[in-house]
1. Tally up the residues in segment 1-55 that are in contact with a Lys or Arg (Cβ under 9 Å, 6 or more places away or on another chain) and exposed (fewer than 13 other Cβ atoms within 10 Å of the Cβ), please.
2. Can you pull out the residues in segment 75-97 that are open to solvent by less than 80 Å² (accessible area, probe 1.4 Å), hydrophobic (A, V, I, L, M, F, W, C) and either outside any helix (DSSP H, G or I) or out of contact with any Phe, Trp or Tyr (no Cβ under 8 Å at 6 or more places or on another chain) (or both)?
3. Filter segment 102-119 down to residues that are of a type outside the set (Ser, Thr, Tyr) and at pLDDT below 95, then give me how many there are.
4. Hey, among VAL72, VAL60, which residue is surrounded by 12 or more Cβ atoms within 10 Å (Cβ to Cβ), hydrophobic (A, V, I, L, M, F, W, C), under 16 Å from PHE30 (Cα atoms) and touching a residue at least 40 places away in the same chain (Cβ under 8 Å)?
5. Could you give me the residue pairs with C-beta distances under 8 Å whose first residue belongs to segment 101-117 and is within 27 Å of PRO12 (Cβ to Cβ) and of a type in the set (Asp, Glu), whose second residue is at pLDDT 95 or above and outside any helix (DSSP H, G or I) wherever it lies, and which are 6+ apart or on separate chains?
6. Test ALA27 against the stated conditions and say whether it is within 13 Å of the chain's Cα centre (by Cα), free of Cβ contacts under 8 Å to residues at least 24 places away in the same chain and assigned to a helix (DSSP H, G or I).
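The values are calculated or read from the model by the stated rules, or taken from the named source; none is laboratory data. Predicted, not measured: the structure shown is a model, and the values here were computed from it. Positions of Cβ are generated from backbone atoms using ideal geometry, with glycine treated the same way; all protein chains shown enter the neighbour counts. For the accessible areas, the whole protein counts, side chains as well, though only heavy atoms, and no ligand, DNA or RNA atoms are used. Shrake-Rupley method; radii C 1.70, N 1.55, O 1.52, S 1.80 Å.
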Amino acid sequence: MSYVDGFVIPVPNDKKEAFRKMAADMAPIFLKYGALHIMECWGDDVPEGKVTSFPMAVKVTEDETVVFSWIVWPSKEVRDAGMAKVMEDPAAGPPDDMPFDGKRMIFGGFVPIVDTSAD
């Protein structure tokens, strides 16, 4: 059964291109170690909630946008081994100027319970 890592990240608007480049540079590394699909999404319609919301969860500021990302792996076992290899790969080191505040990133691993697509 597949496994999904999910991320919600506040990214400064003026660092959008730096974030996109970092994500694009990291994607082949995740694929190299077993990931099947990587998706990075820049927030476009992310409303502020009254009780909970993506913006509230990451304490987004007026000059930031919420990024929603996920990585699909073939299984949790492949994900665990692949993530360990990613963390050891020198090419996966953080950029000199990290384009977001990692302390406000939310992440977790998920077991799919419904998986449907048009194709």
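1. Number of matching residues: 1.
2. Result: ALA84, ALA91, ALA92.
3. Of the residues in segment 102-119, the ones of a type outside the set (Ser, Thr, Tyr) are 102-115, 118-119.
Then drop every residue that is not at pLDDT below 95, which leaves 102, 115, 118-119.
Number satisfying all stated conditions: 4.
4. On the way: VAL60 fails: under 16 Å from PHE30 (Cα atoms).
Going through VAL72, VAL60 in turn, just one is surrounded by 12 or more Cβ atoms within 10 Å (Cβ to Cβ), hydrophobic (A, V, I, L, M, F, W, C), under 16 Å from PHE30 (Cα atoms) and touching a residue at least 40 places away in the same chain (Cβ under 8 Å): VAL72.
5. Pairs found: ASP101/PRO10.
6. Working: within 13 Å of the chain's Cα centre (by Cα): yes; free of Cβ contacts under 8 Å to residues at least 24 places away in the same chain: yes; assigned to a helix (DSSP H, G or I): yes.
Yes, satisfied.
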